[in-house]
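Have a look at the structure below, then the notes.
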Amino acid sequence: MSSESMALAIIFVFVIGITIVGMVPGMNKKMSLEEWAVGGRNFGRWLNWFILAGEIYTAFAFLGASGWAYARGGPTFYILGYGALAYLVGYYVLPAFAPLGRKYGLMTQPDLVEHIYKSRTLGILTAVIGVAFLLPYLQLQLTGLGLIIETCSYGQISRVQAMLMAFSMVAVFVYTSGLKGVATTAVIKDVVMIVAVVFFGLYLPIHYFGSVGGMFEAVEAAKPGFLALPGGTKALDVGWVMSTLVLTSLGFYMWPHFAANSFSAKSADVLRHNAVYLPLYQICLVFPMLIGFTALLVLVPALKTPDMAFMAIVQQTFPGWALGLVGGAGALACMIPAADLLLSTSMLFSRNVYGKTIGKNTSSESMGKIARVMVLVLTTIALLLAIYLPNMLVNLLLTGYSGVTQFFPMLVLGVFWKKATKLGAFCGVLIGEILVFGLILGKMDPVPFLGQHLNAGFVALVINMVVFVAISAMTYKPESNKG
Amino acid sequence: MNPVKVILTLIPFIWTIGMIPFVNRVKPIVFGLPFLAFWLIAGIFVAFICIKCLYHIDSKNNQDS
């Protein structure tokens, strides 16, 4: 078998295999909306672990972390820091959300907002903002997948063909199995990803430089200071890393799809218990970085697209089967998070936007049908956008993490602080989002501050928080909250 | 709130965020990693230990009540 067809065969096995695994839980079984969307709220430790952990190894961890290391150096290390802190935040926050979900039948993040503030409008606003940030994220997974499969099949499958094929499969298994399908496939995806990144992450530096330490010594000798801050950049300095770590650790669980994932847990203890061990999983993120740093020294001439660093160095070092393996693992890294995003976006749209406006009287059974059909509609929209307007959503994507983090005061203080009010939440979120868009699209990110730089999302979050607390304190009336 | 829990919650944030200005350096290379990367990975273990202690305190309290 030629190395091209070998690579192609391996990618096919991965993509088709995962689809079959994903379809199994939903076969021969009629699922209620609750079973489909939040797995019937009976995920024990292991399934909950993989659904929470699985979100970390996305297209970004695979291509982005190695690409950042290749192009930016030291600032990449922030990725090692935020996860453990995010789980510590989650240790307090998720066990507070999950029982509310069980008690009041909540399934999505806007459900939770609507419940806390008794405001349908605020729920709809949260849903609309959520969809605006999830859709570009979905498209990113699609575009990443197209790039990976095109490169790893040596161009035998074009980008568009790859996206069409893989995403119809994702849509099929989300349609049939819902969150259970996402969780079971996440198990396989994580195992494959870890084997791939650990193997290549250790093999490549050892192959070229004798050891990981030898590789870093060589980087330091070739580019002194590249491995500290601000590395290969001008503005990603100490202040940027510190503010970004605050932003990402608080914002991690503000992604709308994570709310659904926490509602799937059997008990609050499952969430607490997993928060203990999830940080250790973060260590694996160092391996794609090792690949990126090795590529920096080994690849000549330099790459135009840093995100290709991982695939380019594997292609240069190994025969075709290895590239097939990277392609297969990379395809899964895009497909499974995409499945979770697809499920959440369709729920936000059907339950929290349609169901609260035009379709107020929809029965729960037909809502289940609408949510499933929405999966197919959204897949089509994301595909069309990825094929015809690949750059249109880039602006939304740039603002993604900063954007969803603006939910933090509203959601977390809403649960833990008695005096939080509807008006405070409204003003805080709106001001936060306007600042995020204004600063980032106005090319003010990172924001210069006292000779250092701050992440624009962090600046917006601080102002959002101040506005939220001030207006809540002014409008809070003890008796009005009892209803 | 239990002061031990407050301290256990603060330590990982101080380690990973607060200490960045003091650990922003390449040398010494520890376990084959540049110092900044080593520090952040050590922070993962620190967070793990702190959350584990929090979990023990909380599950004990839950049994008592």
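The values are calculated or read from the model by the stated rules, or taken from the named source; none is laboratory data. As the structure is a computational prediction, the values presented were derived from the model and not from experiment. Cβ: placed from backbone, ideal geometry, glycine included. Neighbour counts: every protein chain shown. Accessible surface is based on the protein model in full, side chains and every heavy atom, while ligands, DNA and RNA are left aside. Shrake-Rupley method; radii C 1.70, N 1.55, O 1.52, S 1.80 Å.
Some points to look at:
- Candidate set from region A:103-127 (those that are surrounded by fewer than 19 Cβ atoms within 10 Å (Cβ to Cβ) and not in a helix (DSSP H, G or I)); member that is nearest to the chain's Cα centre (by Cα): A:Gly105
- Residue match in region A:96-118 (condition: within 22 Å of A:Leu383 (Cα to Cα) and assigned by TED's automatic domain parsing to the domain that holds A:Leu33): no
- Some residue of region A:363-374 being β-branched (Val, Ile, Thr), within 18 Å of the chain's Cα centre (by Cα) and closer than 24 Å to A:Gly26 by Cα: no
- Hey, A:Leu290 among the aliphatic types (A, V, I, L, M) and out of contact with any His (no Cβ under 9 Å at 6 or more places or on another chain) or not: yes
- Candidates A:Ala260, A:Ala171 - the one that is farther than 30 Å from B:Phe13 by Cα and part of a helix (DSSP H, G or I): A:Ala171
- Exactly one residue among A:Ser168, A:Ser177 is assigned by TED's automatic domain parsing to the domain that holds A:Val375, within 25 Å of A:Met31 (Cα to Cα) and crowded, with 24+ Cβ neighbours inside 10 Å, and that residue is A:Ser177.
- Meets criteria (within 14 Å of another protein chain (Cβ to nearest Cβ) and within 21 Å of the chain's Cα centre (by Cα)) for A:Gly81: yes
- Of all residues in region A:56-78, those satisfying the criterion of being within 13 Å of chain B (Cβ to nearest Cβ) and not in a helix (DSSP H, G or I) are A:Ile56, A:Gly73.
- Check on B:Ile44, under 10 Å from the mean Cα position of the chain (by Cα), aliphatic (A, V, I, L, M) and assigned to a helix (DSSP H, G or I): yes
- When restricted to residues that are under 25 Å from A:Thr248 (Cα atoms), open to solvent by less than 40 Å² (accessible area, probe 1.4 Å) and more than 17 Å from the chain's Cα centre (by Cα), region B:1-32 contains 1.
- A:Ser243 being hydroxyl-bearing (Ser, Thr, Tyr), within 12 Å of chain B (Cβ to nearest Cβ) and crowded, with 17+ Cβ neighbours inside 10 Å: yes
- For region A:269-325, the set of residues classified as within 14 Å of chain B (Cβ to nearest Cβ) and open to solvent by 50 Å² or more (accessible area, probe 1.4 Å) consists of A:Asp269, A:Arg272, A:Tyr277, A:Leu280, listed by residue number.
- Tally of residues being open to solvent by less than 80 Å² (accessible area, probe 1.4 Å) and in a helix (DSSP H, G or I) across region A:355-393: 20
- Summed over region A:84-111, the residues that are at the interface with another protein chain (Cβ under 9 Å from one of its Cβ atoms) and under 24 Å from A:Lys189 (Cβ atoms) give a count of 2.
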